[in-house]
Amino acid sequence: MRKNIYKFVAFSFIIGAFLACDNATTDFDGFDEQVEIKNIVRREITMDKSFYSTLVSTISSEDKEAKDFISKNNAFSPTIAPASKYIPAFLDKEFYAADPTSSIKVNYKNIEGVSEKVAAYKGESYKVTREDYQSVWGDDVLFVEAFTPEKSPEKEIPVLLAKHYPEAKEGDKQNVNYLYSDKEPHDATVEAYSLKEDFESQKKDPESGYYSDVVIDGWLNVAVQGSKCWETREYSDNKFANFSSFKTGEVNEVWLITPAIKLGEEKGFKLSFDAKVRFVAGDCLSVLISEDFDGKKENLGLADWKDITSSFTLPTQETDNPESVGEFLLDSYQGKTIYVALKYLGDSRSDAPEQKTTTYQIDNITIGKIAPGIVVEKSELQYAVFENKGDNSWVLDTDKSLVLLQPNDYTAMGENYPNISNEERAHYKIPTYLSGKYPYEAEETVKNVVYYTWSDKATGEEYILKNGTWERTTWTVDEQSQFIRTDKAWVFDPTILINFAGHSEGYQMVVDYVKANQGVDNPDLLDSRGNAEFYYGFNAYYPNITYRDKDRALDPTFPVNGTSAEKSKFMNERTIEGLAVFLSLAYPDAETSVSGVDQHAVITGVKIYMDPSSNLSNSLYTYEFKCVGNKKWEVLSRTSEDSGEVEEYTEE
């Protein structure tokens, strides 16, 4: 073991705080040596959707802000919903039988630098529906699926939100996406619908994060045989109903049935839908119609169903998108109430006479007729944010610090859809977008940027202008905290543990720091892509810390002509400095002790590339630091994760 003498005090800088932990101890109030120990738990768990759901159930409804934040984000926030405060109650519920001295490491996500104001913008966006537009225009036929200057979103959407969110509280924010035309509608011949279903109202399962069975008010989704029902799927920002018997190992007879449709006395109503097939293996889909079904699934087999499949041209080969299968004229059902069903009959049993497993994707089911109506020539997708002012009153959010990206902004940023689903790409593009949109803003200007991460989800992040660069103050990081069981309850152990393996955002924090400091006078210290620097050697792209000569030689203080040992010593010291900078950025509020326990930080998985003192291309290390003051961290040790060798650092 080598023993080095080293002491470093980190630079001061503020960005956002987050906590995690390691190393069980018994230095906590509440341990009773008299307690009989029977069930000592030593576990590591990762918070998933079901765990977050259980945790939320332990939070009092009076603590609404924290409860809503965790529920929306499946994550914690040091300022709004700290993990150290809310995880113990969850552990009390899940591990109530654990005896004192038990310890559990909990992996979770922390969203750093979140202000209450910004947190309110994150969540599902409300998409204005066809029924909403009918309500706005006051007619089921003479309406358009758009707002106009006369039927303005500022005036009409608050009425819709009051109807759909009657339990909303003062200060709540709601993202809304809708269509808008700058021209008023004019008379025209239109398709008047008795039924129009495009499946866009379907939501992802809050537990799994995936779409599940099709669930629509008034519709039936029935598995007569087998265990699967029609499911919702999404591709290219379009939702549809989907079914396949592939690998079910059973016979599947599955019905998707419309609500009761009462046809008028006039003629001309037609049934149509779009379909697409994949992995064709047999004809599995039938289209049926009934005029004596009573709408109850238990009576499905008692009704008379007429097979009208032959009236449509169902696809038999794969196509890129769902296509119209034709129309069926409903004049013979004039004045009657009907139900329409799509029946899938497949079989993937190993001993089946014929494997029938074709995947069917169904969309845009309509029953309509040509009738006099109104239309607009053009409408465009737009986004808005509304704020609840109390007493179920909503107004358009006009906060001057709010920057809400519109669909054309995503196009200008090179996105194919009106959202940015890749978080890393959003964090790279948004600063450039802000620089172009606000070229003359003063230093320290703050903007609350709200952007869509999916067609129906938005998030909010705070950006601040520093040294001419827009910097994000909100970070999502993977954290681990340890909790200890006393004889009374689970309590938080304050040791900070950060896994730096693949921690791109941690590396990027140091890159941004160099850009705002050393890189101002020496731009050569920064990679042209903006995700690497060569003063400390931190690279967020790979991510690693480079010790390679050609990279570090861009730093004029690097001992280019030194020995391998001299170069390694120089870069080792810079690595410690860089990690201390990271800690000061990530934990600006860290104190020297918590509940009488010294505040330590352990950073694992630090990857060093091309260390001249090592035979390995990539070397992994664990560093331990101690908080010695306000944004000041002192290194204690470095341990090789490859060899186990420990280097201790002590004060001179």
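One residue is enough: does the range 277-299 have a residue meeting the conditions in a strand (DSSP E or B), over 19 Å from Val222 (Cα atoms) and in contact with a strand residue (DSSP E or B) (Cβ under 9 Å, 6 or more places away or on another chain)? Looking through the range 277-299, at least one residue is in a strand (DSSP E or B), over 19 Å from Val222 (Cα atoms) and in contact with a strand residue (DSSP E or B) (Cβ under 9 Å, 6 or more places away or on another chain). Considering the range 118-160, the residues that are assigned to a helix (DSSP H, G or I) and of a type in the set (Lys, Arg) include one that is surrounded by the fewest Cβ atoms within 10 Å (Cβ to Cβ), namely Lys155. Just checking, does the range 40-58 include any residue being charged (D, E, K, R), more than 28 Å from Asn448 (Cα to Cα), more than 23 Å from the chain's Cα centre (by Cα) and surrounded by 15 or more Cβ atoms within 10 Å (Cβ to Cβ)? No: the range 40-58 contains no residue that is charged (D, E, K, R), more than 28 Å from Asn448 (Cα to Cα), more than 23 Å from the chain's Cα centre (by Cα) and surrounded by 15 or more Cβ atoms within 10 Å (Cβ to Cβ). For Lys105, the conditions (1) assigned by TED's automatic domain parsing to the domain that holds Asn499; (2) of a type outside the set (Ser, Thr, Tyr); (3) in contact with a Ser or Thr (Cβ under 7 Å, 6 or more places away or on another chain) are fulfilled apart from (3).
Restricting attention to the range 381-435, the residues being assigned to a loop (DSSP other than H, G, I, E, B) and among the β-branched types (Val, Ile, Thr) number 2. Looking only at residues that are buried (at least 22 other Cβ atoms within 10 Å of the Cβ) and not hydrophobic (A, V, I, L, M, F, W, C) in the range 481-493, which one is farthest from Gln518 (Cα to Cα)? My answer is Arg485.
Provide a single number: the residues in the range 170-192 that are part of a strand (DSSP E or B) and loosely packed, with under 13 Cβ neighbours inside 10 Å. The total comes to 4.
Return yes or no: is Lys163 touching a Ser or Thr at 6+ places or on another chain (Cβ under 9 Å), assigned to a helix (DSSP H, G or I) and either without any contact (Cβ under 8 Å) to a residue 40 or more places away in the chain or buried (at least 19 other Cβ atoms within 10 Å of the Cβ) (or both)? In short, yes.
Of Gln406, Gln382, all but one fail to be in contact with a strand residue (DSSP E or B) (Cβ under 9 Å, 6 or more places away or on another chain), without any contact (Cβ under 8 Å) to a residue 60 or more places away in the chain and buried (at least 16 other Cβ atoms within 10 Å of the Cβ); the exception is Gln406. Of all residues in the range 233-270, those that are in a loop (DSSP other than H, G, I, E, B) and closer than 17 Å to Ala223 by Cβ total 7.
Residue-wise test of (1) without any contact (Cβ under 8 Å) to a residue 24 or more places away in the chain; (2) in contact with a helix residue (DSSP H, G or I) (Cβ under 7 Å, 6 or more places away or on another chain); (3) assigned by TED's automatic domain parsing to the domain that holds Ala580; (4) closer than 26 Å to Pro588 by Cα.
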| site | (1), (2), (3), (4) |
| --- | --- |
| Lys607 | no, no, yes, yes |
| Pro612 | no, yes, yes, no |
| Thr622 | yes, no, yes, yes |
| Lys626 | no, no, yes, yes |
| Gly629 | no, no, yes, yes |
| Lys632 | no, no, yes, yes |
| Ser640 | yes, no, yes, no |
| Ser643 | yes, no, yes, no |
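Any idea how many residues of the range 300-313 are part of a loop (DSSP other than H, G, I, E, B) and not hydrophobic (A, V, I, L, M, F, W, C)? Looking only at that region, the number is 2.
Report yes if some residue within the range 314-325 is crowded, with 17+ Cβ neighbours inside 10 Å, modelled with pLDDT of 95 or more, outside any loop (DSSP other than H, G, I, E, B) and in the same structural domain as Trp230 (by TED's automatic domain parsing); otherwise report no. Within the range 314-325, one or more residues are crowded, with 17+ Cβ neighbours inside 10 Å, modelled with pLDDT of 95 or more, outside any loop (DSSP other than H, G, I, E, B) and in the same structural domain as Trp230 (by TED's automatic domain parsing).
Within the range 153-196, the set of residues being of a type in the set (D, E, K, R) and farther than 20 Å from Ser379 by Cβ comprises Lys163, Glu167, Lys169, Glu170, Asp172, Lys173. Exactly one residue among Ser71, Ser84, Ser61 is of a type in the set (S, T, N, Q), part of a helix (DSSP H, G or I) and without any contact (Cβ under 8 Å) to a residue 60 or more places away in the chain, and that residue is Ser71. Here Pro353, Pro372 are screened, and the one residue that is at pLDDT below 95 and in a loop (DSSP other than H, G, I, E, B) is Pro353. Annotation note: of Val114, Val118, Val106, the sole residue that is hydrophobic (A, V, I, L, M, F, W, C), under 19 Å from the mean Cα position of the chain (by Cα) and under 30 Å from Ile484 (Cβ atoms) is Val114.
The values are calculated or read from the model by the stated rules, or taken from the named source; none is laboratory data. What you are looking at is a predicted structure, and each value in this text was computed from that prediction instead of being measured. Cβ coordinates were reconstructed from backbone atoms using ideal geometry, including for glycine residues, and neighbour counts include every protein chain displayed.
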